[in-house]
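*Asks:* After the structure tokens below, expect a handful of questions from me.
The values are calculated or read from the model by the stated rules, or taken from the named source; none is laboratory data. Quick caveat: nothing in here was measured; it's all calculated off a predicted structure. Note that we place each Cβ from the backbone using ideal geometry, even for glycine, and neighbour counts take in every protein chain shown. Only protein heavy atoms, including side chains, enter the accessible area calculation; ligands, DNA and RNA are left aside. Shrake-Rupley method; radii C 1.70, N 1.55, O 1.52, S 1.80 Å.
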Amino acid sequence: MSNKMWGGRFGDGPDAIMEEINASIGFDQRFAAQDIRGSKAHCAMLAAKGIIAKADADQIEAGLDTIAREIEAGEFSFSRALEDIHMNVESRLAEIVGPAAGRLHTARSRNDQVATDFKLYVRDTIDHLDGQLAALQQAFLGQAEAHADTVMPGFTHLQTAQPVTFGHHCLAYVEMLARDRGRFQDARKRLNECPLGAAALAGTSFPIDRDQTAKALGFDGPTRNSLDSVSDRDFALETLSAASIAAIHLSRFAEEIVVWMSAGFKFVDLPDSLTTGSSIMPQKRNPDAAELVRAKSGRVIAAFSSLSIVMKGLPLAYSKDMQEDKEALFDALDALSLCLAAMTAMAGSLTANKPAMAKAAGAGFSTATDLADWLVRAANLPFRQAHHVTGTLVAEAEAKGIDLHELTLEDMQKVEPAITKDIYSVLSVESSVKSRTSLGGTSPDNVRAEAQRWRKHLNQA
Ligand code: ARG
């Protein structure tokens, strides 16, 4: 007896099962616009080379424009029996223009067609993501400018290490995002060769002009090997690897928001619109958006892994396995785009709780390194000895339950006679950050200068 749940679905036997597993129209209709763009370029080239008649080409192009409008307006009815976007478009074209439609597929195969469409889609998406990454950089930059001298604890091992400024922390993300954009641009540069004209796998006997189609579609030029052209999905993998690294960066900041919003920290707050309440605990404001950004990085990284696994065992050239390149990539890049939007909203609107940050910045003997550095500079101690002296002073303060600057001069001189009252000037968090003037350091002046450099750079781009 057939299972009721599944029986209905696969009730029509092998044909229905084949259609279900074989069809990609459910997802590849996403790049209908790119498919039509590619077909129009191909058609124009065929006519220019005299491979098809100008009159046929005119009809085909007008028909393709009609289809583009129908799809745009949501009036196109996609058919699973027609398998994929390529056959759906071609079949509709035949309805609209008649037999001339059959000439469009001259000197072309779905193999080079899908590779071209997918590249165009990935390229368009990279351009969109680049704009989003730039917007997020702007959001961080705005915070950096506002908080060039807002002190907070810098952490290593999530233990208070040395004071830094919140602006400096924000600029760290501006740097990461710049590298993310660079990785996407690298991927874009390498993918920008046009596979159209490779045909099924071996090229074609028709006198096509691949330079013309490449140029019409905004590629730098045609790919050089027909086998590689139809079997390469490096461009998708490379884009997913860039996306994964970007998602990891977003996830790290998301984690920081979660930690910073917790009761133990209270460093930042988000507007109500970007948090949720609890259905049972009225006091709670949960950073759900940040948590979801953190979680969604999983999908992006998984997509890279999933496509790598699809590709790794495939002999040249095309195999139907490659149809599985699309859903994971769509899902991953959609997720990244949503995460960028959410993160830009959060980074732009979060408010820093300066008193809480300042208080925490001074806790945990965060200026111990400053004390050690003073001993090196002012008392000429070797750094290792200064480190030892400082450790002793920290232990003493800890035992007394006080901060370093609360130790008396006598207490300090008992440990190291060379200490003078000047030492107190380096024990505040403000003087600590101010002193970190080395290139790339956290001093407010540095942060302001770097923010200005970024502002100029981002406004130019
Ligand atoms: N829908 C197919 C894909 O996405 C198009 C290419 C089909 N090629 C073929 N030889 N069956 O990969």
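*Asks:* Scanning the stretch 74-87 for residues that are open to solvent by 30 Å² or more (accessible area, probe 1.4 Å) and in a helix (DSSP H, G or I), which turns out nearest to the ligand (Cβ to nearest atom)?
*Replies:* Ranking the qualifying residues of the stretch 74-87, first place goes to 87.
*Asks:* Within the stretch 428-441, identify whether any single residue is surrounded by fewer than 16 Cβ atoms within 10 Å (Cβ to Cβ), of a type in the set (A, V, I, L, M) and closer than 30 Å to residue 130 by Cβ, and answer yes or no.
*Replies:* yes
*Asks:* Could you give every pair whose Cβ atoms fall below 6 Å, whose first residue belongs to the stretch 106-135 and is open to solvent by less than 20 Å² (accessible area, probe 1.4 Å), and whose second residue is β-branched (Val, Ile, Thr) and more than 16 Å from the ligand (Cβ to nearest atom), counting only separations of at least 6 or pairs across chains?
*Replies:* Once the first residue is open to solvent by less than 20 Å² (accessible area, probe 1.4 Å) and sits in the stretch 106-135, its partners that are β-branched (Val, Ile, Thr) and more than 16 Å from the ligand (Cβ to nearest atom) give 107/208; 122/239.
*Asks:* Listed residues 143, 138, 162, 185; which is modelled with pLDDT under 95 and away from the ligand (no atom under 16 Å from the Cβ)?
*Replies:* Only one candidate passes the filter, namely 162.
*Asks:* Within the stretch 442-452, can one find any residue that is open to solvent by less than 50 Å² (accessible area, probe 1.4 Å) and either part of a loop (DSSP other than H, G, I, E, B) or without any contact (Cβ under 8 Å) to a residue 60 or more places away in the chain (or both)?
*Replies:* Scanning the stretch 442-452 turns up at least one residue that is open to solvent by less than 50 Å² (accessible area, probe 1.4 Å) and either part of a loop (DSSP other than H, G, I, E, B) or without any contact (Cβ under 8 Å) to a residue 60 or more places away in the chain (or both).
*Asks:* If you don't mind, there's one more thing I want to ask. From the residues in the stretch 337-360 that are of a type in the set (S, T, N, Q) and not in a helix (DSSP H, G or I), which one is surrounded by the fewest Cβ atoms within 10 Å (Cβ to Cβ)? Can you show your working first?
*Replies:* Just the residues of the stretch 337-360 that are of a type in the set (S, T, N, Q), to begin with: 337, 344, 349, 351, 353.
Subsequent filtering for residues that are not in a helix (DSSP H, G or I) retains 351, 353.
On the way: 351: 12, 353: 19.
By that ranking, first place goes to 351.
*Asks:* Further question: Read through the list (1) open to solvent by 10 Å² or more (accessible area, probe 1.4 Å); (2) in contact (Cβ under 8 Å) with a residue 40 or more places away in the chain; (3) within 16 Å of residue 115 (Cβ to Cβ), then give the number of the only condition that residue 225 fails.
*Replies:* Only one criterion is unmet by residue 225, namely (2).
*Asks:* Considering 61, 90, 70, which residue is within 16 Å of the ligand (Cβ to nearest atom), open to solvent by less than 70 Å² (accessible area, probe 1.4 Å) and part of a helix (DSSP H, G or I)?
*Replies:* 90
*Asks:* Within the stretch 403-424, count every residue that is without any contact (Cβ under 8 Å) to a residue 12 or more places away in the chain and under 18 Å from residue 163 (Cβ atoms).
*Replies:* The qualifying residues number 1.
*Asks:* Also, I was wondering about something else. So which of 214, 263 is in contact with a Gly (Cβ under 7 Å, 6 or more places away or on another chain) and free of Cβ contacts under 8 Å to residues at least 60 places away in the same chain? Before the answer, list the steps.
*Replies:* Details: 263 fails: in contact with a Gly (Cβ under 7 Å, 6 or more places away or on another chain).
After applying the criteria, what remains is 214.
*Asks:* Can you tell me which residue in the stretch 279-294 is least open to solvent (accessible area, probe 1.4 Å), limited to those that are out of contact with any helix residue (DSSP H, G or I) (no Cβ under 8 Å at 6 or more places or on another chain) and hydrophobic (A, V, I, L, M, F, W, C)?
*Replies:* Ranking the candidates gives 281 first.
*Asks:* Taking only pairs six or more apart or across chains, which ones have beta-carbon atoms under 6 Å, a first residue in the stretch 145-173 that is free of Cβ contacts under 8 Å to residues at least 12 places away in the same chain, and a second residue that is part of a helix (DSSP H, G or I) and among the aromatic types (Phe, Trp, Tyr)?
*Replies:* Note: no pairs meet the criteria.
*Asks:* When you scan the stretch 376-384, do you find a residue that is within 30 Å of residue 147 (Cα to Cα), more than 16 Å from the ligand (Cβ to nearest atom) and either without any contact (Cβ under 8 Å) to a residue 12 or more places away in the chain or assigned to a loop (DSSP other than H, G, I, E, B) (or both), even just one?
*Replies:* yes
*Asks:* Inside the stretch 313-329, can you point out the residues that are small (Gly, Ala, Ser), more than 10 Å from the ligand (Cβ to nearest atom) and touching a residue at least 24 places away in the same chain (Cβ under 8 Å)? Even if it seems obvious, please write down each step before you answer.
*Replies:* Residues of the stretch 313-329 small (Gly, Ala, Ser): 313, 317, 319, 328.
With the extra rule that they be more than 10 Å from the ligand (Cβ to nearest atom), the set shrinks to 313, 328.
Of everything in the stretch 313-329, just one residue is small (Gly, Ala, Ser), more than 10 Å from the ligand (Cβ to nearest atom) and touching a residue at least 24 places away in the same chain (Cβ under 8 Å), namely 328.
*Asks:* Sort out which residues of the stretch 136-174 are within 23 Å of the chain's Cα centre (by Cα), open to solvent by less than 10 Å² (accessible area, probe 1.4 Å) and of a type in the set (S, T, N, Q), and write them in order of number.
*Replies:* Across the stretch 136-174, the qualifying residue is only 137.
*Asks:* Another one. Any chance the stretch 330-351 includes a residue that's under 30 Å from residue 20 (Cβ atoms) and within 16 Å of the ligand (Cβ to nearest atom)? Even if it seems obvious, please write down each step before you answer.
*Replies:* Step one: list which residues in the stretch 330-351 are under 30 Å from residue 20 (Cβ atoms), which gives 330-338.
Checking the rest, the ones that are also within 16 Å of the ligand (Cβ to nearest atom) come to 330-331.
The answer is yes; a qualifying residue exists.
*Asks:* Here's a follow-up. For residues that are open to solvent by 20 Å² or more (accessible area, probe 1.4 Å) and of a type in the set (D, E, K, R), scanning just the stretch 368-382, find the one that is farthest from residue 430 (Cα to Cα).
*Replies:* Restricting to residues being open to solvent by 20 Å² or more (accessible area, probe 1.4 Å) and of a type in the set (D, E, K, R), the top hit is 377.
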